[in-house]
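S.K.: What follows is a structure written as structure tokens; I'll ask about it next.
The values are calculated or read from the model by the stated rules, or taken from the named source; none is laboratory data. What you see is a predicted model; the values in this text were computed from it and never measured. We place every Cβ from the backbone using ideal geometry, glycine too, and count neighbours over all the protein chains shown. Remember, those area values only see protein heavy atoms, side chains included, never the ligands or the DNA or RNA. Shrake-Rupley method; radii C 1.70, N 1.55, O 1.52, S 1.80 Å.
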Amino acid sequence: MLKYLIVLAGSIFLLIGMVQVFRKKKGYSPTSHFEITDEMILRFAKLKGGIISALELASQTSLSPEVAQKRLEKLVQTGFAQLRVSESGNILYDFKQAQLGSQEKENSQLL
């Protein structure tokens, strides 16, 4: 009985090792993260009331503060956001202009 347990334990460790080797060959990394898209940033801003900071975005995603700032600046350049400055001098990104209100949608005209 003990011999079978030793064989079973050895087989399990061998299987675990083989899975880890396979994951490394396929490029899997447990610390890897998925890419944050612009759409995700826009949704995050909407959830936060339309105005966010780079530090706020970085603290809630896998982005570093520097990368978060660059991504937000890109959205400003493409017209999705506007820059604001808080009373304490923090740079904020305002996405409210990119969001259509329900009143504007209701008052729209068919083409």
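S.K.: Run the quick spin-label model on N107 and K46: label points 7 Å from Cα toward the beta carbon, then report their separation in nm to one decimal.
M.R.: 2.1 nm
S.K.: Further question on the same structure: Accessible area of K74, 1.4 Å probe, to the nearest 10 Å²?
M.R.: Counting only protein heavy atoms, the figure is 90 Å².
S.K.: Might you work out the accessible area of I6 for me, using a 1.4 Å probe with all protein chains in place, and round it to the nearest 10 Å²?
M.R.: 110 Å²
S.K.: R0 = 25 Å: FRET efficiency of Q82 with F34, Cβ-based, nearest 0.05?
M.R.: Numbers: r = 28 Å, r/R0 = 1.12.
Once the sixth-power term is evaluated, E becomes 0.35.
S.K.: On full extension of the chain, what length is gained from L92 through I12, given 0.36 nm per residue of separation minus the C-alpha to C-alpha distance?
M.R.: 23.5 nm
S.K.: Tell me the accessible surface of T78 in square angstrom (1.4 angstrom probe, heavy atoms of protein chains only), to the nearest ten.
M.R.: Here the residue's solvent-accessible area equals roughly 80 Å².
S.K.: If DNA, RNA and ligands are ignored and the probe is 1.4 Å, what is the ranking of F80, F34, F95, F44 by accessible area, most exposed first?
M.R.: Details: F80 90, F34 140, F95 0, F44 30 Å².
Descending order: F34, F80, F44, F95.
S.K.: Show R43, R71 ordered by accessible area, largest first, where the area counts protein heavy atoms only and the probe is 1.4 Å. The partial results should precede the final answer.
M.R.: Working: R43 160, R71 45 Å².
If we order R43, R71 from most to least accessible, we get R43, R71.
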